[in-house]
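The values are calculated or read from the model by the stated rules, or taken from the named source; none is laboratory data. Model, not experiment: these values are computed from the prediction. No Cβ is skipped: glycine too gets one built from the backbone with ideal geometry, and neighbour counts run over all protein chains shown.
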Amino acid sequence: MTDETRLQQALEMIDRANLADPNQELVEGEALPREYAYSLHMTRWLFTLEPAPSERMQIACRAQHIERWTIPRSDYGEGRQNYYQWRQACGRMHGRRAAEIMAECGYPPEECERVELILTKRKLREDEDTQLLEDVACMVFLERYFAQFFEEKPDYDKEKWLRIVRRTWGKMTLRGHEAALNLAGNLPDHLQALLQEALAE
């Protein structure tokens with residue numbers, strides 16, 4: 001099997017897994033399984049930020065939320081600590097599933113382990129691949145989900161939103177910052193104002 005065929009097979013297996021998501025997202029008027037849609041957003045932003053990404057990064061970005069619906073957020077209770085426990089559990093599962101798929105497609109163990117590490121984000125800020133994944137994920141959030149998230153949380157006060165924006169910004173590299181500033185003009189006016197205020201301090 002050639003490298004190109006191996007990569008295509010891995011991406012197709014990830015897509016098949018995410019196409020089973022019972023939840024949906026509307027993308028350009030078409031209802032798609034939510035995590036499948038998310039994986040396409042991740043791939044698009046990966047190639048925007050890194051025009052010639054490695055195979056491992058293409059797989060990691062496509063598998064960033066693989067089968068996430070199987071670990072409901074509601075299983076972990078309310079509160080920030082429970083939220084982070086849920087996120088960590090998801091990351092471990094995503095990493096494990098991606099590694100399993102890669103092994104089935106003939107990738108060597110060290111590459112499977114590498115993608116698993118990237119998806120758990122244990123080396124964020126220390127590892128370039130993990131940081132690229134985070135930049136991509138932040139761009140997808142800002143472009144596709146920030147406005148919706150804002151509307152779903154009317155109980156969040158302004159200070160909490162400023163903390164969320166600053167925390168997201170702090171996870172990103174200069175490359176991510178530049179992309180986010182270029183995207184900002186497409187956000188609703190109230191979110192543009194929030195972004196400007198968050199970054200002004």
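Residues in the range 169-179: is at least one in contact (Cβ under 8 Å) with a residue 24 or more places away in the chain, aliphatic (A, V, I, L, M) and in a helix (DSSP H, G or I)? Yes, the conditions are met somewhere in the range 169-179. Scanning the range 140-155 for any residue that is touching a Lys or Arg at 6+ places or on another chain (Cβ under 8 Å), of a type outside the set (Phe, Trp, Tyr) and closer than 29 Å to residue 4 by Cβ turns up nothing.
Checking each residue in the range 158-181 for being over 23 Å from residue 63 (Cβ atoms), aliphatic (A, V, I, L, M) and surrounded by 14 or more Cβ atoms within 10 Å (Cβ to Cβ) picks out 162, 164, 165, 180. Being assigned to a loop (DSSP other than H, G, I, E, B), β-branched (Val, Ile, Thr) and under 16 Å from residue 14 (Cα atoms): is that true of residue 101 here? Here the answer is no, as residue 101 does not meet what is asked.
Only residues that are among the polar types (S, T, N, Q) and closer than 14 Å to residue 173 by Cβ were counted across the range 107-137, and they come to 2.
Remark: pairs (first residue in the range 59-87, touching a residue at least 12 places away in the same chain (Cβ under 8 Å); second residue of a type in the set (Asp, Glu); Cβ separation under 6 Å; 6+ apart in sequence or on different chains) = 65/35; 68/35; 69/21.
Scanning the range 58-70 for residues that are within 16 Å of the chain's Cα centre (by Cα) and more than 13 Å from residue 14 (Cβ to Cβ) returns a single hit, 69. Pairs linking a residue in the range 185-201 that is charged (D, E, K, R) to a residue that is part of a helix (DSSP H, G or I), with Cβ atoms under 9 Å and 6 or more positions apart or on different chains, are 197/158; 197/162; 197/165; 201/162; 201/166. Looking only at residues of the range 158-201 that are within 30 Å of residue 126 (Cα to Cα) and among the small types (Gly, Ala, Ser), we find that the one that is farthest from the chain's Cα centre (by Cα) is 200.
Name the single residue, out of those in the range 32-55 being under 12 Å from the mean Cα position of the chain (by Cα) and among the small types (Gly, Ala, Ser), that is farthest from residue 139 (Cα to Cα). Step by step, filter the range 32-55, then rank; the result is 37.
Within the range 1-40, the set of residues being in contact (Cβ under 8 Å) with a residue 24 or more places away in the chain, part of a helix (DSSP H, G or I) and loosely packed, with under 11 Cβ neighbours inside 10 Å comprises just one member, 3. Within the range 155-201, the set of residues being more than 20 Å from residue 50 (Cα to Cα) and basic (Lys, Arg) comprises 158, 160, 163, 166, 167. Per the conditions (1) outside the structural domain of residue 8 (by TED's automatic domain parsing); (2) charged (D, E, K, R); (3) over 28 Å from residue 187 (Cα atoms), the sole criterion not satisfied by residue 75 is (1).
Please specify each residue of the range 135-157 satisfying the condition of being surrounded by fewer than 20 Cβ atoms within 10 Å (Cβ to Cβ), of a type in the set (Asp, Glu) and within 16 Å of the chain's Cα centre (by Cα). Can you show your working first?
Of the range 135-157, the ones surrounded by fewer than 20 Cβ atoms within 10 Å (Cβ to Cβ) are 141, 143-145, 147-157.
After this cut, where a residue has to be of a type in the set (Asp, Glu) as well, the list is 143, 151-152, 155, 157.
143 - this is the single residue of the range 135-157 that is surrounded by fewer than 20 Cβ atoms within 10 Å (Cβ to Cβ), of a type in the set (Asp, Glu) and within 16 Å of the chain's Cα centre (by Cα).
Can you find a residue that is touching a strand residue (DSSP E or B) at 6+ places or on another chain (Cβ under 9 Å) and either part of a helix (DSSP H, G or I) or closer than 22 Å to residue 143 by Cα (or both) anywhere in the range 56-63?
Quick first cut of the range 56-63, residues touching a strand residue (DSSP E or B) at 6+ places or on another chain (Cβ under 9 Å) only: none.
Looking for residues that are touching a strand residue (DSSP E or B) at 6+ places or on another chain (Cβ under 9 Å) and either part of a helix (DSSP H, G or I) or closer than 22 Å to residue 143 by Cα (or both), one finds none in the range 56-63, hence no.
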